[in-house]
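Novice: Dumping the structure here so I can ask a few things about it.
The values are calculated or read from the model by the stated rules, or taken from the named source; none is laboratory data. Because the structure is a prediction, the values reported are computed rather than measured. Cβ coordinates were reconstructed from backbone atoms using ideal geometry, including for glycine residues, and neighbour counts include every protein chain displayed.
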Amino acid sequence: MTTTTATDMDTLLSDVRNFVEERLIPLEPKLRTDGLAAISSGIESAREVAKENGWWCPQMNAEHGGMGLSLHDFGRLSEVLGRSPLGHLALNCQAPDAGNMEILADHASEAQKDAFLDPLTAGEVRSCFAMTEPENAGSNPKQLSTTAERVSDENGEAYVLNGHKWFTTGADGADFTIVMAVTNPDADNPYQRASMIIVPMDAEGLEHVRKIPIMGEEGEGWLSHSELRFHDVRVPVDNRLGPEKHGFTIAQERLGPGRIHHCMRWIGICERAFEMMCERAASRELSPGTPLASKQTIQNWVAESRARIDAARLMVLKAARTIDEKGARAARVDISTIKYFVADTLHEVLDQAIQVHGALGVTDDTLLSFWYRHERGASIYDGPSEVHKSVVARRVFREYGVNL
């Protein structure tokens, strides 16, 4: 972790914000109309600028070619990047690659780092993370059906994977996936039944079933979510990430910081949508000389959104600092709190911004409908809001002698 002074951090945030405004936001209209592939050259040009300025992989340490920012400082940067759907991609810190980089750095063997981590941090390849299954509730990670049976034969020791995954973000065009699969079904502790296994996307038997349409939009590349099937997919035992039975432990290490990343990105979206809402209300006239901003309802929305966004930011940065100083376990309740609070704030701000824009708000002529489609899942993935609220409530009631 790199120690960054307040002045250095302020300069970084200002410079990156200018980069987002000048390099990325101009690419957004073509992204909306023609898709990600149509702006590939613009993205690659922006990524080169990010590398030249030393902004590459801000969440990774210098050993892996990154800036080594603390989670708190990366959270602040993540808000600035979140102002554009392309922000994190431009600095090679987009999900799910950022989380995969972090667990590979901590748990991969040297051979795995050479084969998978180094190309990923260099931006030469993309990856994905296959955990969620359509047949099982994602809110209960103990319910996994995908198996990885360990076999030994004339071809050596290997895992043979069979199963069904979906909402594997970025699988389209990825070079490898990290799969959560049951390797020890008879383990007494249900949290010690699964392991993480690295599987090349071109492995024999790995079927890319489809890109899942999200509210009518299929997406492509990094901006897509796929359904995958594993039919006797064989990979060497050396492709296991970390010890056997440690899949859930590694997943928790990934999810804690990942929720900080997501929440601060959502706040960046909120800020941009808030600005769009205010600009629309200030410029749109109900009748000649009467701006939309004069309506009390609009004023209430603006005031409430301003307060909720600011409160959300402080809550997330507090959680990030706790993780930096004490670890993710100490911040468990904070992490659950921000997950649902910031998601609710995001939904509310986006919905009000769309309403203020009127008919324009539901078209694809602005980013509002894009964000509405892509971010409605914020209250569902990484644990639905209802589960996180239950975690917080149980912790509160424990202080009153009630164990739920």
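Novice: Looking at this structure, is Asp10 surrounded by fewer than 20 Cβ atoms within 10 Å (Cβ to Cβ) and either among the charged types (D, E, K, R) or under 28 Å from Ile250 (Cα atoms) (or both)?
Specialist: Values: surrounded by fewer than 20 Cβ atoms within 10 Å (Cβ to Cβ): yes; either among the charged types (D, E, K, R) or under 28 Å from Ile250 (Cα atoms) (or both): yes.
Considered against the rule, which asks whether it is surrounded by fewer than 20 Cβ atoms within 10 Å (Cβ to Cβ) and either among the charged types (D, E, K, R) or under 28 Å from Ile250 (Cα atoms) (or both), Asp10 comes out as yes.
Novice: In region 256-308, which residues are among the β-branched types (Val, Ile, Thr) and under 17 Å from Gln355 (Cβ atoms)? Break it down into steps so the answer makes sense when it comes.
Specialist: The first filter runs over region 256-308 and keeps only residues among the β-branched types (Val, Ile, Thr), leaving 260, 267, 269, 290, 297-298, 302.
Answer for region 256-308, where residues must be among the β-branched types (Val, Ile, Thr) and under 17 Å from Gln355 (Cβ atoms): Ile269, Thr297, Ile298, Val302.
Novice: Separate question: Of all the residues that make up region 116-126, how many are surrounded by fewer than 18 Cβ atoms within 10 Å (Cβ to Cβ) and not acidic (Asp, Glu)?
Specialist: Residues meeting the conditions: 3.
Novice: What number of residues within region 349-403 satisfy the criterion of being acidic (Asp, Glu) and not in a helix (DSSP H, G or I)? Write out each step before concluding.
Specialist: Looking only at region 349-403, we keep the residues that are acidic (Asp, Glu), and these are 351, 364-365, 375, 382, 386, 399.
Still in the running and not in a helix (DSSP H, G or I): 364-365, 382, 399.
Looking only at that region, the number is 4.
Novice: For region 309-364, which positions are in contact (Cβ under 8 Å) with a residue 40 or more places away in the chain and among the acidic types (Asp, Glu)?
Specialist: Listed by number, the residues that qualify are Asp324, Asp344, Glu348, Asp364.
Novice: Now for a separate question. Going residue by residue through region 291-314, is there one that turns out to be within 30 Å of Thr249 (Cβ to Cβ) and touching a Ser or Thr at 6+ places or on another chain (Cβ under 7 Å)?
Specialist: There is at least one residue in region 291-314 that is within 30 Å of Thr249 (Cβ to Cβ) and touching a Ser or Thr at 6+ places or on another chain (Cβ under 7 Å).
Novice: Shifting gears a bit: So is Gly268 over 17 Å from Ser84 (Cα atoms), in contact with a Lys or Arg (Cβ under 9 Å, 6 or more places away or on another chain) and not β-branched (Val, Ile, Thr) or not?
Specialist: Numbers: over 17 Å from Ser84 (Cα atoms): no; in contact with a Lys or Arg (Cβ under 9 Å, 6 or more places away or on another chain): yes; not β-branched (Val, Ile, Thr): yes.
No: the conditions fail for Gly268.
Novice: Of (1) among the hydrophobic types (A, V, I, L, M, F, W, C); (2) under 23 Å from Gln112 (Cα atoms); (3) at pLDDT 95 or above, Val209 satisfies all except one. Which?
Specialist: (2)
Novice: Could you check region 5-56 for helices (runs of 4 or more DSSP H) lying wholly inside it with 2 or more residues that are without any contact (Cβ under 8 Å) to a residue 60 or more places away in the chain and more than 24 Å from Gly361 (Cα to Cα)? Before the answer, list the steps.
Specialist: Values: elements: 6-19, 28-34, 40-52.
It comes to 6-19, 40-52.
Novice: His262 versus (1) surrounded by fewer than 17 Cβ atoms within 10 Å (Cβ to Cβ); (2) part of a helix (DSSP H, G or I): which is the lone unmet condition?
Specialist: The failed condition is (1).
Novice: Please tell me if Val333 is buried (at least 20 other Cβ atoms within 10 Å of the Cβ) and either touching a Leu at 6+ places or on another chain (Cβ under 9 Å) or not assigned by TED's automatic domain parsing to the domain that holds Leu13 (or both). Step through it out loud before you land on a result.
Specialist: Numbers: buried (at least 20 other Cβ atoms within 10 Å of the Cβ): no; either touching a Leu at 6+ places or on another chain (Cβ under 9 Å) or not assigned by TED's automatic domain parsing to the domain that holds Leu13 (or both): yes.
No, not satisfied.
Novice: Which residues, counting only those in region 76-135, are over 25 Å from Ala320 (Cβ atoms) and assigned to a helix (DSSP H, G or I)?
Specialist: Listed by number, the residues that qualify are Glu110, Ala111, Gln112, Lys113, Asp114, Ala115, Phe116, Asp118, Pro119.
Here's the yes/no breakdown for (1) loosely packed, with under 13 Cβ neighbours inside 10 Å; (2) within 21 Å of Met131 (Cβ to Cβ); (3) in the same structural domain as Ala319 (by TED's automatic domain parsing):
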residue	(1), (2), (3)
Val356	no, no, yes
Ala359	yes, no, yes
Leu368	no, no, yes
Glu375	no, yes, yes
Tyr381	no, yes, yes
Ser385	no, yes, yes
Ser390	no, yes, yes
Leu404	yes, no, no
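Novice: Whether any residue in region 150-157 is among the charged types (D, E, K, R), at pLDDT 95 or above and crowded, with 16+ Cβ neighbours inside 10 Å is what I want to check.
Specialist: Among the residues of region 150-157, not one is among the charged types (D, E, K, R), at pLDDT 95 or above and crowded, with 16+ Cβ neighbours inside 10 Å, which makes the answer no.
Novice: I'd like the full set of residues that are crowded, with 23+ Cβ neighbours inside 10 Å and in contact with a Gly (Cβ under 7 Å, 6 or more places away or on another chain), limited to region 226-238.
Specialist: Within region 226-238, Phe230, Val233 qualify.
Novice: Kindly establish whether Ala282 is closer than 30 Å to Glu102 by Cβ and touching a helix residue (DSSP H, G or I) at 6+ places or on another chain (Cβ under 9 Å). If you could, list the steps in order and put the result at the bottom.
Specialist: Numbers: closer than 30 Å to Glu102 by Cβ: no; touching a helix residue (DSSP H, G or I) at 6+ places or on another chain (Cβ under 9 Å): yes.
Against the criterion (closer than 30 Å to Glu102 by Cβ and touching a helix residue (DSSP H, G or I) at 6+ places or on another chain (Cβ under 9 Å)), Ala282 does not qualify.
Novice: Can you pull out the residues in region 223-242 that are within 18 Å of Glu110 (Cβ to Cβ) and within 25 Å of the chain's Cα centre (by Cα)?
Specialist: Scanning region 223-242 gives Asn239, Arg240, Leu241, Gly242.
Table: residues versus (1) touching a Leu at 6+ places or on another chain (Cβ under 6 Å); (2) surrounded by 23 or more Cβ atoms within 10 Å (Cβ to Cβ); (3) closer than 26 Å to Met196 by Cα.
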{"position": "Lys51", "(1), (2), (3)": "no, no, no"}
{"position": "Gly54", "(1), (2), (3)": "no, no, no"}
{"position": "Cys57", "(1), (2), (3)": "no, yes, yes"}
{"position": "Leu69", "(1), (2), (3)": "no, yes, no"}
{"position": "Asp73", "(1), (2), (3)": "no, yes, no"}
{"position": "Arg83", "(1), (2), (3)": "no, yes, no"}
{"position": "Asn100", "(1), (2), (3)": "no, yes, yes"}
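Novice: Would you mind telling me which numbered condition in (1) assigned to a loop (DSSP other than H, G, I, E, B); (2) touching a Cys at 6+ places or on another chain (Cβ under 9 Å) Leu346 fails?
Specialist: (1)
Novice: Right, something else. Out of (1) crowded, with 17+ Cβ neighbours inside 10 Å; (2) of a type in the set (D, E, K, R); (3) assigned to a helix (DSSP H, G or I), what's the single condition that is false for Glu244?
Specialist: So Glu244 meets the others, but not (3).
Novice: Can I ask one more? Where in region 169-222 are there strands (runs of 3 or more DSSP E), lying wholly inside it, with at least 1 residues that are of a type outside the set (Phe, Trp, Tyr) and within 17 Å of the chain's Cα centre (by Cα)? Spell out how you get there, then give the answer.
Specialist: Values: elements: 176-182, 194-200, 206-211.
Answer list for region 169-222: 176-182.
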